[in-house]
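Visitor: Before I ask anything, let me first share the structure, which is written out below as structure tokens.
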Amino acid sequence: MDYSAEVERRFDAPAGAGNVSGEGPGIAAGEAEDKVLNVWVRFEVQADGDTIREARFRVYGCPHTIAAASWIAESLRGAPVSALERLDIDGLKRALNVPKEKLGKLLRIEDAVRACAEQLGAAGTRPRVDG
Amino acid sequence: MDYSAEVERRFDAPAGAGNVSGEGPGIAAGEAEDKVLNVWVRFEVQADGDTIREARFRVYGCPHTIAAASWIAESLRGAPVSALERLDIDGLKRALNVPKEKLGKLLRIEDAVRACAEQLGAAGTRPRVDG
Amino acid sequence: MTTRRRIYLDHAATSPVDPAVSAEMMRHLGADGTFANPSSSHAMGREAARAVERARRVIAARIGADPAGLVFTSGATEANNLAIKGVLAAARPGRRHLVTTRIEHKSVLDAAAAVERYGCDVTYVGCDGSGLVSPDEIERAIRPETSLVSVMHVNNETGMVQPIAAVAEICRAHRVPLHVDAAQSAGKLLLDVRRDGVALCSLTAHKCGGPKGIGALWIRDDVTVVPLLHGGEQQRGLRPGTLPTHQIAGMGKAFELADPAEEGPRLAALRDRLREALERIDGARVNGDPARAAPHILNVAFPGVDGEALRFALREIAVSAGSACMSDNPEASHVLSAMGLTDAAATSSIRFSVGRTTTADEIDAAATRVRDAVERLRRLALGAPAWCSAWRSARLTDDPVFG
Amino acid sequence: MTTRRRIYLDHAATSPVDPAVSAEMMRHLGADGTFANPSSSHAMGREAARAVERARRVIAARIGADPAGLVFTSGATEANNLAIKGVLAAARPGRRHLVTTRIEHKSVLDAAAAVERYGCDVTYVGCDGSGLVSPDEIERAIRPETSLVSVMHVNNETGMVQPIAAVAEICRAHRVPLHVDAAQSAGKLLLDVRRDGVALCSLTAHKCGGPKGIGALWIRDDVTVVPLLHGGEQQRGLRPGTLPTHQIAGMGKAFELADPAEEGPRLAALRDRLREALERIDGARVNGDPARAAPHILNVAFPGVDGEALRFALREIAVSAGSACMSDNPEASHVLSAMGLTDAAATSSIRFSVGRTTTADEIDAAATRVRDAVERLRRLALGAPAWCSAWRSARLTDDPVFG
Ligand SMILES: Cc1ncc(COP(=O)(O)O)c(C=O)c1O
Ligand SMILES: Cc1ncc(COP(=O)(O)O)c(C=O)c1O
């Protein structure tokens, strides 16, 4: 297996790993997993209006999956909320030089991020009511 | 092909090579050849009464054949004439460590030596008459 | 990370060549050395041939074999192919049945698959949860038409020492020759082909301080083997090709140096030190039975981490997942699977193997790095569902430093 | 005799390893070098893999080939076996016809005989009195069911350079892949597989300053080859077994150093000097056409002496009868026989081959020793019948010194 320098860097120090602290209307989380591909990923985002303020992840998977989650988390920070639905997978593939056989795992990351978008969207249209 | 030290020594300096000088009643020569085995050998002996005074050879053949001719020539010198008919082939095989596949060539040496014996014998029973 | 000291714990994949071995190799390379073709009849060729014969005697002595039966090959892969294809091809058409095991090296399994394609019949015997083959199962697999049994000595993934003497006794009773792949044994474990009743034995030089690309198949004189390669009359036609004097002499030197009685206990002590340190990692589990292990191999599962990620985290420590010849292969090890491990447990397993150059310091440093890596990856997966974190009862806490 | 200076004129059998090559090999052996298994995924394994890839590129460049097509083997013997058995086994049952020549190396001829036993059909094309194969005869031998043509580049006994480009053109016209055994060409003669239209090419390291026991088969990407060895996934499954990094890197270095443009003319000059000296010996006759010879090989018949005796007389000069792999074989060379030499002429022939270390002084000394030996043996056979002394009109006289 070949790992690009960018995969190596992000694997060794996965920027964006962890959880978003706190709770609130702008915060959403999404998970996805695939037991066959041996991958689980959880994303948490914090939106401020139309802008993503923070994006964090947890991941179980191979070095490419970890690096990809980190790359996506960083790319989301400061991006418009709509970016959650249109991840730049081509940019990701290029940046990390992801081999073909690993592309399936990236789909799970997309799923987790999209789940965040859905949660945010749902929260956005229906103002959160306590109780 | 393995060559014993004795073969090496006799091949490098084949004692007994050459011809018997002179002519006369005690002198005999014999030749034998085998084109398939790639061997030709000529022996010349000089007998003095019942004793072989001199034995010489010429040979075309492999190192074992050359060494064997030399060993036989030397063993004949000083031996009784009857030795021409009973060469010590076992002693030769032992002394030179002749491989099995070479034994056929030794038979040609025996033939050449025996031809000397026959010539001597013929000369002995019928006194040589000039003209 | 890349500036950290590298630690080599992959001696079962290959070992560094001992300085005495490379010095011996050098003697047969240059114009001032014994470089000539050992098959040449001139004086320089004869000298090279003598170097080959010297090595042959040393190697044969290490397995209690007569030197004449040793056929040099390019390694154990070729030796295993020659043994299996060669014996099966030499068998009468009605006797082309092979018994082997599911835990053999790929070169035995793939050779077995090849003879199956050529019309031979193969029975694969499994192993127990410890990775041990049962002599009884071998016996049950033997049929009247069996022409070869092939069981490895030391398994290259788990280090499990297979019961060769017992299998050999069964083979003798059934008059079936036994082939033993002893690629992992040299210098670690005694094997005596005469005492143990082995008919064919595969060897390689590069696992015990010798060079890569040279090995041998020892063939007992009552066993007929059809050659794989043709051309020239080297090695009685059983294996043509110019004999690589330096490689053979290097193998001879390596086998001379590799004394199991000396090396075995030292390696076992290092291996035990590593096992004890790794067993302290939450959930870590040794694959195989430590009481039945060769001294140099330790295979440990680390549930709750992805195997590829763990190996990448440890890339400055040379270790293996399964065997090196499949290290690009993401599939679970066929050996661990045969032992009943789940895919997840199998892929999260790592083989550590110690050798002549390994030190106690290296063992300690490696154990620390493994623990750090496992914990880091598990923290990264905090909150993951049970299927990928079943190793623990949630004891780690989040670490604010990273991320 | 044994105290005389030894002279090595058997570079076609094998060559001393160049100091730069053995230095390169050493870099991949010890614990401080790139000793790891090139198939290992850890950092040390990757380094070894890079060394392998570097060598692969250098070697491929020397024959104008793409590096990806190069499969490392234990030498040209294995490469020839892989080419012939591998292509024939991959051919459809109705297309299993091989065309080769009577002057190939034993490893081609014996591999051809092996595929014949497996049911393939083989046509052996002869050569002319100079040892040259005719492209026209190759063309006549090709049939619709021919799946491979195998013709060597430089004959190892006579040095005759075969008309590869012309044969390749014919093969292209008939859409049959051409395999070329180029074991003797490296560093002496250019071969460009792309320009010349070669589909498979066998190489070996040890004839041009590289180590013994390593070679390669280059396979064009449109050619299918069935592997001979199974096990592991090294080299795309075409040739499993741990890659011997030091051997491959050594081959790479040897091929880098072996520049035909530089080396060829120097070797040809030495060869010509030897030929001129030997031609002065009564009856000596060069086997082959000097105008069509590779620069390093000279084959001379010395009628009127037994070949074995001559070689033994010259045992401190390393020369060959035929090829080294048959040097214990008293049979006449199959190549010289194919050229029409009688058994006597063939067995009295000697192959001299020069190489990087050969000097003009050595050539002169060797020529003197050959002349002395021939004359001594002829004197020993003075009076012999014509069949073993036809070389002359009786000019030698008896020499009283010896005997
Ligand atoms: C048990 C076993 N058999 C065979 C082999 C193959 O040996 P080689 O690399 O010499 O072909 C190996 C190691 O690679 C091994 O561990
Ligand atoms: C023409 C030719 N082909 C093949 C070979 C075999 O090469 P190797 O010794 O590398 O097996 C040789 C030399 O031995 C040769 O001269």
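Only the coordinates and a few stated rules stand behind these numbers; no lab work does. Just so it is clear, the model here is predicted, and its values are computed rather than measured. Cβ sites come from the backbone with ideal geometry, for glycine too, and all protein chains shown count toward neighbours.
Visitor: Once you charge only the Cβ atoms, +1 for Lys and Arg and -1 for Asp and Glu, what is the size of the charge dipole of region C:123-241 about its Cα centre, to the nearest 20 debye?
Guide: 360 debye
Visitor: Moving to a separate point now. What list of ³J(HN,Hα) values in whole Hz, one per residue of region A:13-19 in order, does the Karplus curve 6.51 cos²θ - 1.76 cosθ + 1.60 (θ = phi - 60°) give from phi, with Gly and Pro shown as x?
Guide: 9, x, 3, x, 6, x, 10
Visitor: Please give the peptides C:122-134, C:159-171, C:344-356, D:255-267 ranked by average Cβ packing (other Cβ atoms within 10 Å per residue), highest first, as a rough proxy for protection.
Guide: Most protected by this proxy first, the peptides run C:344-356, C:159-171, C:122-134, D:255-267.
Visitor: Distances in nm, one decimal, shortest first, from C:A31 to the same residue in every other copy, taking the label point 7 angstrom along Cα→Cβ.
Guide: Copy-to-copy label distances for C:A31: 3.5 nm.
Visitor: Turning to a different aspect of this structure: Hey, with R₀ at 30 Å, roughly what FRET efficiency would D:E145 and D:V226 work out to, going by the Cβ-Cβ distance, to 0.05?
Guide: In this case the efficiency is close to 0.95.
Visitor: Quick query: amide H of C:S185 versus all other amide H atoms, modeled in the peptide plane; which residues come in under 5 Å with a sequence gap of 5 or more or a different chain?
Guide: Residues meeting the criterion, in which the H sits 1.01 Å from N, are C:V154.
Visitor: A further question follows. Determine the distance separating the Cα centre of region D:48-94 from the Cα centre of region C:222-278; give it in Å without decimals.
Guide: With region D:48-94 and region C:222-278 each reduced to a Cα centre, they are spaced 25 Å.
Visitor: In deg cm²/dmol and to the nearest 500, what is the mean residue ellipticity at 222 nm of chain C if only DSSP H runs of at least 4 residues count, each as -39500 (n - 2.57), divided by the residue total?
Guide: So the helix-based figure for chain C works out to -11000 deg cm²/dmol.
Visitor: Let me ask something else. Please report the orientation-averaged projected area of region C:268-387, defined via the convex hull of its C-alpha atoms, in nm².
Guide: With the hull built on Cα positions only, its mean projection is 7.4 nm².
Visitor: Per residue of D:121-130, count partner chain C-beta atoms within 10 Å of its C-beta, then hand back the mean as an integer.
Guide: Whole-number average of other-chain Cβ neighbours for D:121-130 is 0.
Visitor: Kindly write out, for region C:378-388 in residue order, the coupling ³J(HN,Hα) from the Karplus curve 6.51 cos²θ - 1.76 cosθ + 1.60 (θ = phi - 60°), rounded to whole Hz, with x marking Gly and Pro.
Guide: Each residue of region C:378-388 in turn: 5, 5, 4, 9, 4, x, 5, x, 4, 4, 10 Hz.
Visitor: Rounded to the nearest 0.05, what FRET efficiency is calculated for C:R266 and A:L37 with R0 set to 41 Å and r the Cβ-Cβ distance?
Guide: 0.45
Visitor: Using per-residue counts of other Cβ atoms within 10 Å, averaged over each peptide, order B:3-14, A:78-89 from highest down.
Guide: Ranked by mean Cβ neighbours within 10 Å, highest first: B:3-14, A:78-89.
Visitor: To continue, here is another question. To the nearest 20 debye, what is the magnitude of the charge dipole of region A:1-123 about its Cα centre, counting +1 on the Cβ of each Lys and Arg and -1 on the Cβ of each Asp and Glu?
Guide: Once rounded to the nearest 20, the dipole reads 240 debye.
Visitor: Report P(r) for chain D: all Cα-Cα distances, bin width 20 Å, range 0 to the bin holding the largest distance, values in whole percent.
Guide: 27, 53, 19, 1
Visitor: Further question on the same structure: Pop out the ³J(HN,Hα) list for region C:12-26 in order, Karplus 6.51 cos²θ - 1.76 cosθ + 1.60 with θ = phi - 60°, rounded to Hz; leave Gly and Pro as x.
Guide: Result, ordered by residue: 6, 7, 5, 10, x, 6, 4, x, 5, 6, 5, 5, 5, 4, 4 Hz.
Visitor: For region A:1-42, how big is Rg over Rh, using alpha carbon atoms and the Kirkwood form of Rh?
Guide: 1.09
Visitor: Then there's this: So, by mean Cβ neighbours within 10 angstrom, what's the order for C:362-371, C:228-237, C:80-89 with the highest one leading?
Guide: C:80-89, C:228-237, C:362-371
Visitor: Mind checking B:11-19 for the average number of partner chain beta-carbons within 10 Å of each residue's beta-carbon?
Guide: If you average over the peptide's residues, the count of other-chain Cβ atoms is 5.
Visitor: If you don't mind, another one. What is the ratio of the Cα radius of gyration of region C:6-69 to 2.2 N^0.38 Å, where N is its residue count, to two decimals?
Guide: 1.42
Visitor: Measure off 7 Å from each Cα along the Cα-to-Cβ vector at D:Y124 and C:T357, then give the distance between these two points in nanometres to one decimal.
Guide: 5.0 nm
Visitor: May I ask you to derive the FRET efficiency for A:D88 and D:R57 from their Cβ-Cβ distance with R0 = 30 Å, giving the value to the nearest 0.05?
Guide: My answer for the efficiency is 0.25.
Visitor: Ok, one more. Once the cut-off is 13 Å, how many percent of the Cα-Cα pairs in region C:64-130 end up in the long-distance tail?
Guide: Cα-Cα pairs of region C:64-130 separated by over 13 Å account for 66 percent.
Visitor: Something else now. Over chain B, what is the relative contact order in percent, taking alpha-carbon pairs closer than 8 angstrom and at least six residues apart?
Guide: 31 percent
Visitor: Moving to a separate point now. Name the residues whose placed amide hydrogens come within less than 5 Å of the amide hydrogen of D:T73, ignoring near sequence neighbours (fewer than 5 apart) on the same chain.
Guide: Answer set, sorted by chain and number: D:G215, D:A216, D:L217.
Visitor: Between C:T14, C:T224, C:T73, find the one with the highest GNM mean-square fluctuation for chain C; connect C-alpha pairs within less than 10 Å.
Guide: Looking only at C:T14, C:T224, C:T73, the largest GNM fluctuation is found for C:T224.
Visitor: May I pose another question? In whole Å, how far is the Cα centre of region A:11-62 from that of region C:297-312?
Guide: Comparing the Cα centres of region A:11-62 and region C:297-312, I get a distance of 25 Å.
Visitor: Take the Cα coordinates of region C:1-156, assign each an equal point scatterer, and use the Debye formula without solvent to give log10 I(q)/I(0) at q = 0.11, 0.12, 0.15 Å⁻¹.
Guide: -0.67, -0.76, -0.98
Visitor: Also: Roughly how large, in nm² to one decimal, is the mean projection of the convex hull of the alpha-carbon atoms in the protein assembly as shown?
Guide: Projected area, direction-averaged: 51.0 nm².
Visitor: I'm a student and want to see the number: the projected area of the Cα convex hull of chain A, averaged over all directions, in nm².
Guide: The Cα convex hull of chain A, projected and averaged over all directions, gives 8.0 nm².
Visitor: Tell me which C residue has its C-beta closest to the axis rotating C onto D, and the distance in Å?
Guide: Taking the axis that maps C onto D, the answer comes out as C:S74, 2.
Visitor: Once both labels are modelled 7 Å past Cα along the beta-carbon direction, what's the A:D12-C:A166 spacing in nm?
Guide: For A:D12 paired with C:A166, the spin-label model returns 4.9 nm.
Visitor: Near D:V125, within a Cβ-to-Cβ distance under 12 Å, what is the net charge of the other residues, with Lys and Arg +1 and Asp and Glu -1?
Guide: Neighbour charge sum, excluding D:V125 itself: -3.
Visitor: Would you mind listing the distances between the C:D343 label point and the same position in each other copy? Use 7 Å along Cα-to-C-beta, nm, one decimal, shortest first.
Guide: Output for C:D343: 6.8 nm, nearest copy listed first.
Visitor: Name the residue from B:Q46, B:Q119, B:A5 whose Cα lies farthest towards the positive end of the charge dipole of region B:1-120, charges +1 on Cβ of Lys and Arg and -1 on Cβ of Asp and Glu.
Guide: It is B:A5.
Visitor: If you don't mind, there's one more thing I want to ask. Amide H of D:S150 versus every other amide H placed in the peptide plane: which residues, excluding those fewer than 5 positions away on the same chain, fall under 5 Å?
Guide: D:V99, D:T100, D:H179
Visitor: Taking a point 7 Å out from Cα toward Cβ as the label site, list the nm distances between D:A166 and the same residue in every other copy, smallest first.
Guide: With the label placed 7 Å along Cα→Cβ, D:A166 yields 7.0 nm.
Visitor: Roughly how many nanometres apart are two label points built 7 Å out from the Cα toward the Cβ at D:E375 and D:R6?
Guide: According to this spin-label approximation, the distance is 2.7 nm.
Visitor: To continue, here is another question. Cα convex hull of region D:217-304: how many Å³ per residue?
Guide: Hull volume normalised by residue count: 196 Å³.
Visitor: If the only charges are +1 at each Lys and Arg Cβ and -1 at each Asp and Glu Cβ, what is the size of the charge dipole of region C:8-123 around the Cα centre, to the nearest 20 debye?
Guide: 440 debye
Visitor: Add +1 for every Lys or Arg and -1 for every Asp or Glu among the other residues with Cβ under 12 Å from the Cβ of D:L257, and state the total.
Guide: My count for the surroundings of D:L257 gives -3.
Visitor: Please name whichever of C:L82, C:G33, C:V99 sits farthest to the positive end of the charge dipole of region C:1-118, dipole taken about the Cα centre and charges placed at Cβ: Lys and Arg +1, Asp and Glu -1.
Guide: It is C:V99, whose Cα lies furthest towards the positive end.
Visitor: Considering every residue in D:5-12, what mean count of other chain Cβ atoms within 10 Å of its Cβ is obtained?
Guide: 2
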